[in-house]
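K.L.:
The structure that follows is given in the form of structure tokens.
The values are calculated or read from the model by the stated rules, or taken from the named source; none is laboratory data. Quantities reported herein were computed from a predicted structural model and do not represent experimental measurements. Ideal geometry is used to build each Cβ from the backbone, glycine not excepted, and the neighbour counts take in all protein chains shown. For accessibility, only protein heavy atoms count, side chains too; no ligands or nucleic acids. Shrake-Rupley method; radii C 1.70, N 1.55, O 1.52, S 1.80 Å.
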Amino acid sequence: MFLKIDISQKDWNVQDRSDITTLKERSSTEDKDGHIRFCLEKDVESSKSTGFERYDLINSSLPDMDYNDIDISCRFMGKDISAPFIVLPLTGGTETATEINRNLAKAAQELNVVMSVGSQRLGLENPALEATYQVRDVAPDVPLLANLGAIYLNYGYGLKECERAVQMIGADGLFLYLNPMQKVFQGTRNLNFKGLSGKIAHICGNLSVPVIVREVGFGLSSDVALQMKKAGASMLDISGAGGTSWVKVTRYLKEDSIKKFGSNFDDWGIPTVDSLIAVKEAVNDLPIIASGGIRNGIEIAKALALGASYAGMSLPLLSPAMESSEIVKKTIDNFIKEVKMAMFCCGVSNLRALRKGECIRKKEL
Ligand SMILES: Cc1cc2nc3c(=O)[nH]c(=O)nc-3n(C[C@H](O)[C@H](O)[C@H](O)COP(=O)(O)O)c2cc1C
């Protein structure tokens, strides 16, 4: 049986994992479960707003359509999916992560949406942990995305490790994440981001599957988006500010040692909407995933109307994933229903019409 997390527990119990966790990895796996714990128990969201409240979808009192004709199916990396929804990377490397990943993946398969796993570094370091990411047995058909931090390309990882991450889970694509703010907060010595663009280009040009470059909640700028387009990224996930803040998560994790240090960075980052609009303007021809603080179907519809091709969520799926695949499925299904309801009342019946952006307007201040 999987290790169940009792979130009321004061002491975070990692003893039960000693059979699959060497001492070298212990602190990282503790961090992984610590992230989950604090994301479930504490306010880990940025004090900054995503910016979606600055926009309204325009109500149509006379939608010239039948609700039942609304079609939000689309394609993702060569596969048909039922909705432009992506289960974003959350976790891996621990027994708790195994259960979370499997619950997310089962739900993604049943709803036919995109699934991704959390950073696979622990799995690359210790093959015994590979199983914590493997979900193909429960999600055989959906697009599945592998996940690695781009910074590791400056610390010994290369094409071989990226390929291994992809093969480990039978992925259709690789999420390479950029996370300088998260890294600097972790207090790690490995903070050399120099020259990464060229190394990312090498991965994009030679990996067996497409690469999506993403942020982790601080927002891609137009400059970085242009660099990543040039590097050969097939898609970008802007993952902007306004949702989960890694500054906050990390501050909880390090509470004893650094106390309140760093709180000035609690609202660091480019708000999701600003990042989306800037990146869309800069790289109009690359598909964009909108994420970071998206919390309901109306915000998904707004993101699509502002030019995103897909939308993704992490934090809202975490607590459901601790429960069961059924609850995850219900949660995502409700978001998808909200997208369709919003589209109906805007009078648009498909994604092409929604993405024209004619049914969204900036509120007057
Ligand atoms: C508990 C947790 C773990 C995460 N782990 C990863 C990870 O391993 N790799 C990654 O690319 N992003 C990771 N993220 C970042 C998310 O994928 C996402 O970009 C960010 O949380 C913003 O989305 P949200 O506001 O919907 O949570 C994680 C997020 C959470 C909440």
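K.L.:
Evaluate the range 62-70: report whether one residue or more is closer than 12 Å to residue 351 by Cβ, of a type outside the set (Phe, Trp, Tyr) and either open to solvent by less than 50 Å² (accessible area, probe 1.4 Å) or in contact (Cβ under 8 Å) with a residue 24 or more places away in the chain (or both).
P.N.:
Taking every residue of the range 62-70 in turn, at least one turns out to be closer than 12 Å to residue 351 by Cβ, of a type outside the set (Phe, Trp, Tyr) and either open to solvent by less than 50 Å² (accessible area, probe 1.4 Å) or in contact (Cβ under 8 Å) with a residue 24 or more places away in the chain (or both).
K.L.:
All but one of (1) surrounded by fewer than 20 Cβ atoms within 10 Å (Cβ to Cβ); (2) in contact with a helix residue (DSSP H, G or I) (Cβ under 8 Å, 6 or more places away or on another chain) hold for residue 364; state the number of the condition that does not hold.
P.N.:
With (1) surrounded by fewer than 20 Cβ atoms within 10 Å (Cβ to Cβ); (2) in contact with a helix residue (DSSP H, G or I) (Cβ under 8 Å, 6 or more places away or on another chain) applied to residue 364, the lone miss is (2).
K.L.:
Which strands (runs of 3 or more DSSP E) does the range 279-365 wholly contain that include 3 or more residues that are more than 21 Å from residue 107 (Cα to Cα) and away from the ligand (no atom under 16 Å from the Cβ)? Lay out the reasoning, then the answer.
P.N.:
Values: elements: 288-290, 310-313, 360-362.
Fully inside the range 279-365 and qualifying: 360-362.
K.L.:
Ok, one more. Take the residues in the range 167-187 that are free of Cβ contacts under 8 Å to residues at least 60 places away in the same chain and within 15 Å of the ligand (Cβ to nearest atom), then tell me which one is farthest from residue 239 (Cα to Cα). Break it down stepwise before answering.
P.N.:
If we filter the range 167-187 for residues that are free of Cβ contacts under 8 Å to residues at least 60 places away in the same chain, which is where we start, we get 167-171, 174, 176, 178, 180, 183-184.
Of the ones still in play, those that are also within 15 Å of the ligand (Cβ to nearest atom) are 168-169, 171, 174, 176, 178, 180, 183.
Details: 168: 25, 169: 23, 171: 21, 174: 16, 176: 12, 178: 10, 180: 14, 183: 16 Å.
Filtering the range 167-187 for residues that are free of Cβ contacts under 8 Å to residues at least 60 places away in the same chain and within 15 Å of the ligand (Cβ to nearest atom), the one farthest from residue 239 (Cα to Cα) comes out as 168.
K.L.:
Ok, one more. For residues in the range 173-218 being more than 30 Å from residue 47 (Cβ to Cβ) and either at pLDDT below 95 or of a type in the set (Gly, Ala, Ser) (or both), which is most open to solvent (accessible area, probe 1.4 Å)?
P.N.:
208
K.L.:
For residue 252, all conditions in the list (1) within 12 Å of the ligand (Cβ to nearest atom); (2) among the aromatic types (Phe, Trp, Tyr); (3) within 14 Å of the chain's Cα centre (by Cα) hold save one; what is the number of the exception?
P.N.:
The one condition residue 252 does not meet is (3).
K.L.:
How many residues does the range 157-178 contain that are within 27 Å of residue 221 (Cα to Cα), of a type in the set (Gly, Ala, Ser) and out of contact with any helix residue (DSSP H, G or I) (no Cβ under 9 Å at 6 or more places or on another chain)?
P.N.:
So the count comes out to 0.
K.L.:
Looking at 129, 124, 153, 159 in this structure, which one is more than 15 Å from residue 313 (Cβ to Cβ), surrounded by fewer than 19 Cβ atoms within 10 Å (Cβ to Cβ), more than 13 Å from the chain's Cα centre (by Cα) and not charged (D, E, K, R)?
P.N.:
Working: 129 fails: surrounded by fewer than 19 Cβ atoms within 10 Å (Cβ to Cβ); 124 fails: surrounded by fewer than 19 Cβ atoms within 10 Å (Cβ to Cβ); 153 fails: surrounded by fewer than 19 Cβ atoms within 10 Å (Cβ to Cβ).
Criteria check complete, one pass: 159.
K.L.:
Mind listing just one residue for me: the one in the range 132-141 that is of a type in the set (Val, Ile, Thr) and either closer than 24 Å to residue 188 by Cα or buried (at least 23 other Cβ atoms within 10 Å of the Cβ) (or both) and, of those, nearest to the ligand (Cβ to nearest atom)?
P.N.:
To start, the set of residues in the range 132-141 that are of a type in the set (Val, Ile, Thr) comprises 132, 135, 138.
If we keep only those that are either closer than 24 Å to residue 188 by Cα or buried (at least 23 other Cβ atoms within 10 Å of the Cβ) (or both) as well, we get 132, 135.
Working: 132: 12, 135: 14 Å.
Across the range 132-141, the extreme among qualifying residues is 132.
K.L.:
Considering the range 132-150 alone, what residues qualify as being over 20 Å from the mean Cα position of the chain (by Cα) and farther than 20 Å from residue 329 by Cβ?
P.N.:
none
K.L.:
Step by step: first the residues of the range 84-98, then only those that are part of a helix (DSSP H, G or I) and either more than 14 Å from the ligand (Cβ to nearest atom) or of a type in the set (Val, Ile, Thr) (or both), then the one that is most open to solvent (accessible area, probe 1.4 Å). Which residue is that? Walk me through it before giving the result.
P.N.:
Narrowing the range 84-98 to residues part of a helix (DSSP H, G or I): 95-98.
Next cut, either more than 14 Å from the ligand (Cβ to nearest atom) or of a type in the set (Val, Ile, Thr) (or both) only: 95-96, 98.
On the way: 95: 41, 96: 3, 98: 18 Å².
So the residue we want is 95.
K.L.:
Looking only at the range 230-249, which residues are more than 8 Å from the ligand (Cβ to nearest atom) and assigned to a helix (DSSP H, G or I)?
P.N.:
Selection gives 230, 231, 247, 248.
K.L.:
All but one of (1) assigned to a helix (DSSP H, G or I); (2) among the charged types (D, E, K, R); (3) modelled with pLDDT of 95 or more; (4) over 19 Å from residue 180 (Cβ atoms) hold for residue 274; which doesn't?
P.N.:
Among (1) assigned to a helix (DSSP H, G or I); (2) among the charged types (D, E, K, R); (3) modelled with pLDDT of 95 or more; (4) over 19 Å from residue 180 (Cβ atoms), residue 274 violates only (4).
K.L.:
State which residue pairs qualify: first residue free of Cβ contacts under 8 Å to residues at least 40 places away in the same chain and inside the range 111-133, second residue open to solvent by 20 Å² or more (accessible area, probe 1.4 Å) and assigned to a loop (DSSP other than H, G, I, E, B) in any location, beta carbons under 6 Å apart, and separation of 6 or more residues or different chains.
P.N.:
Cβ pairs passing all conditions: 112/82.
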